[in-house]
1. Considering only the stretch 13-31, I want to know if a residue exists there that is under 32 Å from the mean Cα position of the chain (by Cα), at pLDDT 65 or above and over 30 Å from residue 129 (Cα atoms).
2. Taking the options 59, 120, 136, 55, name whichever one is surrounded by fewer than 22 Cβ atoms within 10 Å (Cβ to Cβ), on the phi < 0 side of the Ramachandran plot and of a type outside the set (Gly, Ala, Ser).
3. Tell me which of these residue 164 doesn't satisfy, since it passes every other one: (1) over 16 Å from residue 64 (Cβ atoms); (2) within 10 Å of the chain's Cα centre (by Cα); (3) touching a residue at least 40 places away in the same chain (Cβ under 8 Å).
4. Among residues belonging to the stretch 66-86 that are surrounded by 12 or more Cβ atoms within 10 Å (Cβ to Cβ) and assigned to a loop (DSSP other than H, G, I, E, B), point out the one that is modelled with the highest pLDDT.
5. Among the candidates 115, 160, 106, 153, which residue alone is touching an Asp or Glu at 6+ places or on another chain (Cβ under 7 Å) and within 30 Å of residue 236 (Cβ to Cβ)?
6. How about the stretch 203-259: which helices (runs of 4 or more DSSP H) wholly inside it have at least 3 residues that are modelled with pLDDT of 75 or more?
Amino acid sequence: GKVAMDEHGHLERLESDESTVAVENQEKDEGPPKAASYWEVFSDFKTFVLCLTGFFFHFANANVLLVLGELMGGDEDGAPRRSAIPLIAGAIVLAQATMAIATYAGDKMTFLGVGRKPLFLAGLATLPIRCALIIFWKDAGDAYLLSTQILDGIGGGLCGLIHPYLVADITFGSGRFNVIMGLTASFFGLGATLSNFLGQLVVERFGHVASLMGSLGLSVVPLLLFLAMPETMGQRGQNQHKKDDNAQELTDEYKKMAA
């Protein structure tokens, strides 16, 4: 232990060897926090569900705007009309404006205690309704078709808002938030890319309605998948607490055996 000389010239022990060792061990145990392994966060069931849900949602969704623009901006012979560009621009602006409102409303509901799951499901549910309305209104006029973009804004706003909340809940305490955000965003982007490519192939071969019917069928898949997602609101850190409790139980059991 540490010693020092007092005013009378005598050596005096300041602390015992045992206390010094205890302090050193405590410092070692506390240490800097360590990030979870990649396998631990990749193999999480909630991560798996979110990746597949986002993939199929964007796989069904991305092509719909292209088909909608072609329906609004083309004549009966398929040639573009003079109003094509304003209509497509209006569809994009309407969706973005609605998205801003939906994001604001979703944020307010989140702070009021509405869970992640119902809000995300509400966003997913807008897609099959939108596809069905476009098919039903394909000959009703541009105003009807344009109005379906309101649903696109609601779906994009709610899903875009809740996505980082879900990732934050899933990765809390793991140090892997950016990794899972990148992983899920990659799945979302892959779905959108395939949607545009394959959806337009279907349009060329079978027509606009067939492509929309495909999107309508696919849009049910993310809804069914996300029903398996447990609610994550208020669950942050629970997995870590369970691991700590299990580790403590093992330590206590070892001490009993050693006693």
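1. no
2. Details: 59 fails: surrounded by fewer than 22 Cβ atoms within 10 Å (Cβ to Cβ); 120 fails: surrounded by fewer than 22 Cβ atoms within 10 Å (Cβ to Cβ); 55 fails: surrounded by fewer than 22 Cβ atoms within 10 Å (Cβ to Cβ).
Criteria check complete, one pass: 136.
3. That leaves (3) as the condition not met.
4. Only one residue tops the list, namely 83.
5. Details: 160 fails: touching an Asp or Glu at 6+ places or on another chain (Cβ under 7 Å); 106 fails: touching an Asp or Glu at 6+ places or on another chain (Cβ under 7 Å); 153 fails: touching an Asp or Glu at 6+ places or on another chain (Cβ under 7 Å).
Among 115, 160, 106, 153, only 115 is touching an Asp or Glu at 6+ places or on another chain (Cβ under 7 Å) and within 30 Å of residue 236 (Cβ to Cβ).
6. Numbers: elements: 208-218, 220-226, 238-258.
Fully inside the stretch 203-259 and qualifying: 208-218, 220-226.
The values are calculated or read from the model by the stated rules, or taken from the named source; none is laboratory data. From a predicted model like this one, the values you see are computed outputs, not experimental measurements. We place every Cβ from the backbone using ideal geometry, glycine too, and count neighbours over all the protein chains shown.
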